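Structure first, then comments.
The values are calculated or read from the model by the stated rules, or taken from the named source; none is laboratory data. Only a predicted model underlies this, so the values are computations on that prediction, with no experimental measurement involved. Backbone-built Cβ (ideal geometry, glycine too); neighbour counts: all protein chains shown.
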Amino acid sequence: MTSALVFLEGSANPQPLVNDLEACGVQVLAVLDAGSKLVQGAVRHAPDLVIGEVPQPGDALFEVTKTLASVAPCPVIVFTLDTDAARTERAVASGIHAWVVNGYGAQRLRPLMHLAQARFKREQALLDELKDVTTRFEERKAVERAKGILMSARQVSDDAAFEILRTASMHSNQRLGQVAQHIIQSAHFAEGLNRAGQLRMLSQRLVKHWLLRLSGVQATRHQALQADSVQRIDANLALLGKNLSQPTFGDLLKPVVDTWKRLKKALMAEPAPEQLAAIDALAEQLLQHAERLTASLESAGSVAPLRMLNMAGRQRMLSQRFAKLALLGALETGGPLQQRRAEMEAVRQGFEQGLAYLNGLPLSTPDIRRTLEDATEGWQALLAGADHVHRPAGRDRLLRLEGLAAASESLLDNFETLSAQYERSMQMLMG
């Protein structure tokens, strides 16, 4: 049995319409005394039809039927005395399927119901077709974008990138568009994670170069490297601010930006011993805030390989932190020296655990394995450099400090390369 929800406006008497509908075999679920209750009533009763009697309709009716079409779509019939052509157009545009002027007759109810239902069915079919075309268009755009990511990451042709997508689609039993969206999402979070991870490293690298300038070690060179780190932080924050969702990550990005503004201002002055404590404290705050942002991005990405990218990025930070602590230890005596050595030992253990994790990953490539081998050698060189700078001062002190700096930059290059390799790897993009 067909069910209907009846609504009335003005002084219309509902009983004739209700009686005629029941005589036609229609179950009247409820009678509403105002069109403003229509959406709520339709959601509650879920009728097959909505039938209204509105002698003189106003704008409110069209707003309500438009809302009904989006919230609880169903065939709508309205009986009215209004003959205005403009309102007839508005009625059709607002989702009314039969706008019946000058009342109704009992004998016309069933044909009008069939008309409204047929129009509603056709309207829904057209909307489904439009949705399907829109979905296919969006999927095609996603496929093109995913191909571009694969072509750049894997250095392959357009055809080869499409073949990768097609193969992944068959193996995962997903539509091509779904695989493409996954690659786009993975690349998006991988880039964000890599950029946020760089902030951790750069917080330590800045202090390292500042200390080398303070020690008089190739001041011009390390001033340039410090400036390079400043530019990279500015660029990374600009990109993260543009690409990350403000409601999702804004509360984590803001403290990074605020702390960076204070640290950047402090770094503008010529290095002096009395500035060291304040600069290092701000760098530690920047590291902590960036760490929270990075961890959140890894969790939000929902892609398991993001952990290996985060780990590679963390190794970058630890390499620079170890070098910074070694320099601080070389400049301090007494209590602080013992503290620095304890901190260095904790960093050493963390770095070597991370190196063991990365070396133990089953998913790898020849390039990644070579980079890890270079990184292992570079780490041994950094350990040796740290040992040299802690020996008693001599005429070669500046050379030893520069050797430590060079070893830390070389190791950093290894892990920058490794992070880029992980970010572009198939296991990262395909999840």
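Yes/no per residue for (1) touching a strand residue (DSSP E or B) at 6+ places or on another chain (Cβ under 8 Å); (2) outside any loop (DSSP other than H, G, I, E, B); (3) under 17 Å from P14 (Cα atoms):
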| residue | (1), (2), (3) |
| --- | --- |
| G52 | yes, yes, yes |
| E63 | no, yes, no |
| P73 | no, no, no |
| E89 | no, yes, no |
Point to revise | Test: residue in region 252-261 that is of a type outside the set (K, R), farther than 23 Å from Q421 by Cα and under 16 Å from the mean Cα position of the chain (by Cα) | key: yes
Of the listed residues (L239, L263), the one being modelled with pLDDT under 95 and outside any loop (DSSP other than H, G, I, E, B) is L239
If you go through E274, E298, the only one that is in contact (Cβ under 8 Å) with a residue 24 or more places away in the chain, acidic (D, E) and either assigned to a helix (DSSP H, G or I) or assigned by TED's automatic domain parsing to the domain that holds L399 (or both) is E298
Practice task
Report yes if some residue within region 367-384 is in a loop (DSSP other than H, G, I, E, B) and more than 11 Å from Q421 (Cβ to Cβ); otherwise report no.
Solution key: no
For helices (runs of 4 or more DSSP H) lying entirely in region 107-219, having 1 or more residues that are touching a Ser or Thr at 6+ places or on another chain (Cβ under 6 Å) picks out 176-214
Taking the criterion of being modelled with pLDDT of 90 or more and assigned by TED's automatic domain parsing to the domain that holds Q117, would at least one residue in region 12-25 satisfy it?
no
Picked from region 5-31 (must be in contact (Cβ under 8 Å) with a residue 60 or more places away in the chain, among the hydrophobic types (A, V, I, L, M, F, W, C) and touching a helix residue (DSSP H, G or I) at 6+ places or on another chain (Cβ under 8 Å)), the residue surrounded by the fewest Cβ atoms within 10 Å (Cβ to Cβ) is A23
Residues of region 61-70 being touching a helix residue (DSSP H, G or I) at 6+ places or on another chain (Cβ under 7 Å) and exposed (fewer than 12 other Cβ atoms within 10 Å of the Cβ), in sequence order, are none
Note on region 339-374: residues surrounded by 12 or more Cβ atoms within 10 Å (Cβ to Cβ), over 30 Å from the mean Cα position of the chain (by Cα) and either modelled with pLDDT under 90 or among the aromatic types (F, W, Y) (or both) are Q339, R340, R341
Selection over region 51-84 where residues are without any contact (Cβ under 8 Å) to a residue 12 or more places away in the chain and within 35 Å of the chain's Cα centre (by Cα) yields a count of 1
Exactly one of A219, A269, A235 is surrounded by 14 or more Cβ atoms within 10 Å (Cβ to Cβ) and free of Cβ contacts under 8 Å to residues at least 24 places away in the same chain, and that residue is A219
